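S.K.: First the structure, which I've put down as structure tokens, then a few questions once you've had a look.
Derivation of every value follows stated rules applied to the coordinates shown; laboratory data play no part. Everything numeric here is computed off the predicted structure, so don't read it as measured data. Neighbour counts are summed over all protein chains in view; Cβ atoms, including those assigned to glycine, are modelled from backbone coordinates with ideal geometry.
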Ligand SMILES: [Zn+2]
């Protein structure tokens with residue numbers, strides 16, 4: 001099969017284009033198979049879980065604090081009642097009994113107040129934790145959005161570049177003779193259809209040609225279309 005100089009030029013460009021196409025196809029499929037948001041997503045879920053747990057803990061604390069407050073009210077009203085009974089009573093043994101009860105209630109009141117203070121302190125530090133987690137969650141959400149946006153953009157760029165290359169390939173194929181174009185497309189369906197002979201190697205398969213193969217190719221006339229003996233691609237000298 002003979003090739004004209006114009007066809008040879010088209011084939012050189014096609015060989016370079018095929019190399020770009022291969023690289024771009026590989027990086028596109030890498031982009032498609034990777035989830036860039038995986039790490040940010042895992043962190044986001046972790047923070048969300050912590051936040052939910054902290055909120056539940058705060059609700060529990062709130063409930064416990066309310067119970068303590070109710071108990072305190074009961075103790076206080078009981079103390080008031082006892083004190084008014086003491087004032088009204090003239091029975092000394094009843095007064096002693098009531099005074100003893102007031103003392104016990106007072107002690108209980110002190111304990112409840114200490115508990116309440118403790119719960120309030122716990123609530124305060126938990127509120128700070130919830131604030132931090134909420135901010136962290138928002139940051140991660142923003143990060144996720146950005147990472148996904150960047151990924152989508154990269155994918156779109158790769159697709160556009162690929163489409164441009166394919167369009168250019170189709171243009172170049174039309175400059176080839178019907179026979180060469182058919183040969184090219186047949187080979188393209190199996191692998192890289194065209195390679196350049198560079199430093200004794202074929203750029204389509206990257207294999208070094210043997211000395212015998214090289215001298216056979218060199219002895220072929222320059223306008224004769226040769227093929228790589230290793231991968232069968234059209235080989236341009
Ligand atoms: Zn080859």
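S.K.: On C-alpha positions alone, give me the angle between the axis of helix 92-174 and the longest principal axis of the chain, in degrees, nearest 10.
M.R.: With both axes taken from Cα atoms, the answer is about 10 degrees.
S.K.: Could you give me D for the range 35-143, from Stokes-Einstein at 4 °C and 1.567 mPa s, where the hydrodynamic radius is the Kirkwood radius over C-alpha pairs? Units µm² s⁻¹, please.
M.R.: D = 74 µm²/s.
S.K.: Also, quick follow-up: Go through 130-137, 152-159 and give me the packing order, highest mean Cβ count within 10 Å leading.
M.R.: Per-residue Cβ counts within 10 Å, averaged per peptide and sorted highest first, yield 130-137, 152-159.
S.K.: Restricting the calculation to Cα positions, tell me the Rg (one decimal) and the Dmax (whole number) of the range 78-205 in Å.
M.R.: Computed over the Cα atoms of the range 78-205, radius of gyration and Dmax are 43.5, 128 Å.
S.K.: Connecting C-alpha atoms closer than 10 Å in a GNM of the chain, tell me which of 139, 71, 164 has the biggest fluctuation.
M.R.: Residue with maximal mean-square fluctuation among 139, 71, 164: 71.
S.K.: What FRET efficiency comes out for residue 59 versus residue 38 if R0 is 41 angstrom and r is the Cβ-Cβ distance? Round to the nearest 0.05.
M.R.: 0.80
S.K.: Report the calculated FRET efficiency for residue 16 and residue 201 (r = Cβ-Cβ distance, R0 = 22 Å), to the nearest 0.05.
M.R.: Efficiency computed from Cβ-Cβ geometry: 0.90.
S.K.: Sticking with this one: For labels at residue 50 and residue 149 in the simple 7 Å Cα→Cβ model, what's the distance in nm?
M.R.: Result for the modelled spin labels: 2.6 nm.
S.K.: If you average 1/r across every pair of different Cα atoms in the chain and take the reciprocal, what Kirkwood value do you get, in Å?
M.R.: Roughly 25.9 Å, rounded to one decimal.
S.K.: Between residue 214 and residue 104, with labels modelled 7 Å along Cα→Cβ, what's the label distance in nm to one decimal, could you check?
M.R.: 10.8
S.K.: Mind pulling the angle between the C-alpha long axis of helix 178-188 and the longest principal axis of the chain? Nearest 10 degrees, somewhere in 0 to 90.
M.R.: Taking Cα atoms only, the helix is inclined about 40 degrees.
S.K.: How many percent of Cα pairs in the range 131-225 exceed 22 Å?
M.R.: Looking at the range 131-225, the distances longer than 22 Å represent 59 percent of pairs.
S.K.: Among bridges DSSP assigns within the chain, what percent are antiparallel (round to 5)?
M.R.: 65
S.K.: Per-residue ellipticity at 222 nm for the chain, helices alone: DSSP H runs ≥ 4 residues times -39500 (n - 2.57), over residue total, nearest 500 deg cm²/dmol?
M.R.: -28500 deg cm²/dmol
S.K.: Determine the relative contact order of the range 10-154: mean sequence separation of Cα pairs under 8 Å and six or more apart, normalised by residue count, in whole percent. The partial results should precede the final answer.
M.R.: On the way: 71 pairs, mean separation 61.1, N = 145.
Once normalised by length, the contact order is 42 percent.
S.K.: Going by Cα centres, the range 70-117 and the range 203-233 are how many Å apart?
M.R.: The distance from the Cα centre of the range 70-117 to that of the range 203-233 comes to 107 Å.
S.K.: To the nearest 10 degrees, how steeply does helix 38-88 sit against the main Cα axis of the chain, on a 0 to 90 scale?
M.R.: The angle comes out near 10 degrees.
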